[in-house]
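Report on the following structure.
The values are calculated or read from the model by the stated rules, or taken from the named source; none is laboratory data. The structure presented is a predicted model; accordingly, all values stated were derived computationally and were not measured. Neighbour counts are summed over all protein chains in view; Cβ atoms, including those assigned to glycine, are modelled from backbone coordinates with ideal geometry.
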Amino acid sequence: MVEQLERRSTFTRSQEDYLKALYLLGGGERPVPTRELAQRLGISSPSVSEMVTRLSAQGLVEHDRYRGQQLTRDGRKVALELVRHHRLLEMFLVRVLGYSWDEVHDEAERLEHVISERMEQRIFDLLGRPELDPHGHAIPTLTGKVRPVSNRPLSECRAGERVVVQGVSDEDPGKLRELERRGLLPATRIAVLAASQFEGPIEVRLRGRRESVPLGLARAIFVAEAR
């Protein structure tokens, strides 16, 4: 634990943000183009390139001029630690402090950089060792394992399918509030009545009622086949 704390103390918040963003874009498995990373972080491509050069020198990122950047094994460890902190904090804020699920993302973004591993473990134990955060995203284990979850959006479902909501995008608080209002929460079972036509809504049945889900909202809902 001491070694882990010392390792994290050598990175700035900005460096950690880059590594986490790269992981969330799939950079643990494939190269991510500089433009894509820049859009995620909301900064210019030259600024991304400058930071990636520094991270590459630290052995955290592999950079290819044409294909983009990908996390090394060490870089992935740092990113997963931040993701674990973030998702545990979101669950803590919802379950213990009474935050709504549309309020927790920004709070967790700030706190994930400063909590100790001791506090992380206390939160984990207090919450009953959860595997998922409030939005249905997998919480990485201490050994870096991540429970597989579906990334198939409801917008791609066909009429006649029966699915269950596994998770939702947490990037837009407004969409989260609308999902909650409509009852489209993780673990909700859905019967698809009609697929989207010409960018129109998807017709579904949930909890015994028919619901028309706008396409933009359906793209923020990730589902798996109901069993």
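Points worth noting:
- Hey, Leu185 touching an Asp or Glu at 6+ places or on another chain (Cβ under 7 Å) and either assigned to a strand (DSSP E or B) or not small (Gly, Ala, Ser) (or both) or not: no
- Of all residues in segment 218-227, one or more are touching a helix residue (DSSP H, G or I) at 6+ places or on another chain (Cβ under 8 Å), buried (at least 16 other Cβ atoms within 10 Å of the Cβ), modelled with pLDDT of 95 or more and part of a helix (DSSP H, G or I).
- Failed criterion for Gly26 (all others in (1) assigned to a loop (DSSP other than H, G, I, E, B); (2) at pLDDT 90 or above hold): (2)
- Once segment 78-110 is narrowed to residues that are surrounded by fewer than 18 Cβ atoms within 10 Å (Cβ to Cβ) and assigned to a helix (DSSP H, G or I), the residue that is farthest from the chain's Cα centre (by Cα) is Arg95.
- Residue satisfying condition, being assigned by TED's automatic domain parsing to the domain that holds Leu88, closer than 25 Å to His86 by Cα and out of contact with any Lys or Arg (no Cβ under 9 Å at 6 or more places or on another chain), within set Ile123, Ile221, Ile139: Ile123
- Scanning segment 118-146 for residues that are of a type in the set (D, E, K, R), in a helix (DSSP H, G or I) and either surrounded by 16 or more Cβ atoms within 10 Å (Cβ to Cβ) or free of Cβ contacts under 8 Å to residues at least 40 places away in the same chain (or both) yields Glu120, Arg122, Asp125.
- Residue under evaluation Gly68, criteria (1) of a type outside the set (Val, Ile, Thr); (2) free of Cβ contacts under 8 Å to residues at least 24 places away in the same chain; (3) farther than 22 Å from Ala220 by Cβ; (4) touching a helix residue (DSSP H, G or I) at 6+ places or on another chain (Cβ under 9 Å), criterion not met: (2)
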